[in-house]
1. What number results when the radius of gyration of the stretch 254-477, computed over Cα atoms, is divided by 2.2 N^0.38 Å?
2. ³J(HN,Hα) across the stretch 435-452 via Karplus (A = 6.51, B = -1.76, C = 1.60, θ = phi - 60°), whole Hz, x for Gly/Pro?
3. Under 5 Å between amide H atoms, partner at least 5 residues away or on a different chain: which partners does Tyr26 have, H built in plane at 1.01 Å?
4. Could you tell me which of the pairs Lys81/Lys423; Lys81/Lys327; Lys283/Lys406; Lys282/Lys370; Lys324/Lys370; Lys81/Lys295 are separated by over 26 angstrom between their Cα atoms in the structure shown?
5. List the residues, sorted by chain then number, that are 5 or more residues from Thr416 or on another chain and whose placed amide H is less than 5 Å from its amide H.
6. Using amide H atoms built 1.01 Å from N in the peptide plane, name the residues 5+ places from Lys253, or on other chains, whose amide H lies under 5 Å from its own.
7. With θ set to phi - 60° and the Karplus curve 6.51 cos²θ - 1.76 cosθ + 1.60, what are the ³J(HN,Hα) couplings of the stretch 241-249 in order, to the nearest whole Hz, using x for Gly and Pro?
8. Residue separation times 0.36 nm, minus the C-alpha to C-alpha distance between Thr456 and Met242: what's the value?
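Taken together, the values in this text are just the output of simple stated rules run on the coordinates, not laboratory data. Just so we're clear, the structure is a prediction, and the values are computed from it rather than from any experiment. Cβ placement follows ideal geometry from the backbone for every residue including glycine, while neighbour counts extend to all protein chains displayed.
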Amino acid sequence: MVDSTSRDKLTDEEFRQKLEAHFALYRLNLRSPLITNITVNQWYRADLLLVNEVGLFRRADIEPDGIVEIGCEILQSRHSKMAPLEADPEWKIEIRPAHTWNKRTNTLLNQFDEIPGFQASGRGALEYRLVKAQTKTKALEGSGEGSGAKVTSNLDNAVQSQKPRHYLRFYPTKLDKFPQQNDKNPDPMDIILPLVVGPLYVEDNSNNSNLSRKDTSSSLPSSSPSVNTYAPPELWPDTTEMVYDTYRMFNTKNNVVIHESWDSGIPGKIWDSALVMLDVLKKMAAVKPEYLSSKHIVDLSAGTGLLGLYLASLMTKESDSQVKCGKITITELDEALALIDKNVDLNQYLVPDQPNDISSVTTTIRLATKPLLWGNLEQAAECGKADVILASDVLYESEFFEDLVKTFVDLSTSETRIYIGYKRRGFEAADERRFWALCGEHFDVSFLTADNSQDTDSCLVPFSALATGVQLYRLTVKHTSLI
């Protein structure tokens, strides 16, 4: 992060260049809430934002004539909490460009935007409606776009007794004149992170032909209620139920869902370094499964808990991974553990001591969340010695360097491997040299690159590291260390 003190020392151009170092990966975020209860065959509006990891958008990436088209699919929860999500074979989503809204005059115009998504702006919109699917045997259109959703009737007992909870997943389908897309990075979802919103509830009155259009929804806007379900939420009655909760979904044989809390500061969101470390983890599971199998892995200062939960998903019986069950410890400051605990709860199917009816999930994954203040020996001892430590974006305050290195030492054995994802932001070169020198007192420090044939871990470096500017380091304990 660029703090105000360092800002005062920079020219405007230097400050702009530091901020633009963040503009590699974008995220879809919700600009306005969605209507909670959606009626079949009615059009509704979704207003979205394109932002980077610090919540900013660079106009030059889309102006004057760039576009990002957005698709949408409907998912259902097959667990009493949330994950895993799957495509609902009963429904599919149709989309169209949104009606043009003049926000200055609070007027919805009788004309459409040109595309469903973003055009020459970081603010975009589309309209969607829920219709009956033609078949109940195939995944919905859009689920092949990388959602990992699949059709199955394997709902747990608690879900079968509830009103079905649905979620909308918005994802990029087409980019035009968007500079991040190139031959090496052609997939829009490698550039823009999709968004999941919910829960929503379906009101299906389609089989009652005696109902008027006005009767097909109980919570439509007061102005022309039988037509303008596609109105922005500002025009709906104040009593209308709306959903604000958003998630990211990451694919395994099942999937992992992560709730972010952008208002919580540094620990509350998924940073670029975490996404790159996730790609490292995928490669490690594929080509170096022995690094992870039956090992104790610590996700250090985990923020949202993404890496630890994703690793747990690789250990399920349904997974295609060769990673065998081990122990996973997810750590954060005590005051930041609530978000991680919430995400563990959302992915409760991964936790063995919580009952569920998905019999394919292993019962031997040991997953725990622990408070860990860097430098606190007692809390480190509670976590236990690690075989592998994963650390993404842990370098943001130089005054904590010594405590962080001490924690590395406290968690390590002579065989421990530490993998660090680091993105340069506000530090000076001297700060970086000091940190790596502190590490060098106890560890051999290796900078990992994809083109270093002399290092067997070069195969773990993903393209996303180069695309985002995230640097990858490996620390191994020196034989001369007293650990």
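1. On the way: Rg = 16.6 Å, N = 224, 2.2 N^0.38 = 17.2 Å.
It is 0.97.
2. Result, ordered by residue: 5, 5, 5, 4, 4, x, 5, 10, 10, 7, 9, 10, 8, 8, 10, 6, 9, 9 Hz.
3. Under 5 Å from the amide H of Tyr26 lie the amide H atoms of Ile192, Leu193, each far enough along the sequence or on another chain.
4. On the way: Lys81/Lys423 34 Å; Lys81/Lys327 23 Å; Lys283/Lys406 28 Å; Lys282/Lys370 24 Å; Lys324/Lys370 22 Å; Lys81/Lys295 28 Å.
Going by Cα-Cα distance, Lys81/Lys423; Lys283/Lys406; Lys81/Lys295 fall outside the 26 Å limit.
5. Those qualifying (amide H under 5 Å, at least 5 residues apart or on another chain) are Val477.
6. Amide H neighbours of Lys253: Asp320.
7. 6, 10, 10, 10, 6, 10, 9, 10, 10
8. Numbers: separation 214, 0.36 × 214 = 77.04 nm, distance 5.09 nm.
In short, 71.9 nm is gained.
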